[in-house]
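**Student:** Let me give you the structure first, and then I'll get to my questions.
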Amino acid sequence: MDEDEDEDVEAMRTRSLRFGLYADEQGLAWVQGLVDTAVGSRSARIVDRAVVHEFPGSGMTTADAYDHLTEQWAWENPGLDSGAREAVELRVRLVCSLRTWRAIRRTVIRTLCPEGTAPHLCRVPWAAA
């Protein structure tokens, strides 16, 4: 084992990924698949996954926290019905090193938004929390 591997093994701990999404069931499943693929290609393990609709104790809902995503979708899709989309937060807890967590997060974000900062429409409006 080389020095980098030693550091990764020693730094393995539970870390969280959080994404605010304005998605229907298909969009949510797509994003969860992106996370699964990114985690599966690295030395990480998912230990828990939750879709959150409100933040306990704060009195704030995900609709309040991510209202800008609803507005983004409406702006990008004028006149279209949003259907079953709703603002949620996807939380994924995984065991990995900090370096691996960063790589997974970067991969998911790049896949969510392959056009980067160029003007485009988002399949699922999102925010990294």
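**Student:** For semi-axes √(5λ) of the Cα gyration tensor in Å, several values are listed as (i) 30, 17, 11; (ii) 40, 22, 11; (iii) 26, 16, 13; flag the one computed from this structure.
**Tutor:** Answer by label: (i).
**Student:** Please give the calculated 222 nm ellipticity per residue for the chain, where each DSSP H segment of at least 4 residues contributes -39500 (n - 2.57) and the sum is spread over every residue; nearest 500 deg cm²/dmol?
**Tutor:** -12500 deg cm²/dmol
**Student:** Pairwise over distinct Cα atoms, reciprocal of the mean inverse distance: report the Kirkwood radius of region 18-67 in Å, one decimal place.
**Tutor:** Kirkwood hydrodynamic radius for region 18-67: 12.5 Å.
**Student:** Same structure again: Compute the label zone of residue 76 within region 34-60: residues whose backbone N is under 18 Å from the point 7 Å along Cα-to-Cβ.
**Tutor:** Those under the cut-off are 34-35.
**Student:** Further question on the same structure: Say each of residue 49 and residue 61 gets a label point 7 Å from the Cα, pointing the same way as Cα to Cβ; how far apart are those two points in nm?
**Tutor:** Computed distance between label sites residue 49 and residue 61 equals 2.5 nm.
**Student:** In nanometres, what is the gap between the two model label sites at residue 113 and residue 42, each 7 Å from Cα along Cα-to-Cβ?
**Tutor:** Computed distance between label sites residue 113 and residue 42 equals 1.8 nm.
**Student:** For the chain, modelled as a Gaussian network with Cα springs under 10 Å, which listed residue fluctuates most, 115, 54, 86?
**Tutor:** The residue with the greatest mean-square fluctuation here is 115.
**Student:** Still on this structure: Determine the share of the chain's accessible area contributed by carbon and sulfur atoms, expressed in whole percent, with a 1.4 angstrom probe.
**Tutor:** 50 percent
The values are calculated or read from the model by the stated rules, or taken from the named source; none is laboratory data. Keep in mind the model is a prediction, meaning the values are calculated, not measured. So basically every Cβ, Gly included, is an ideal-geometry build from the backbone, and we count neighbours across all protein chains shown. Each accessible area value is taken on the protein alone, full model and side chains, heavy atoms only, with ligands, DNA and RNA left out. Shrake-Rupley method; radii C 1.70, N 1.55, O 1.52, S 1.80 Å.
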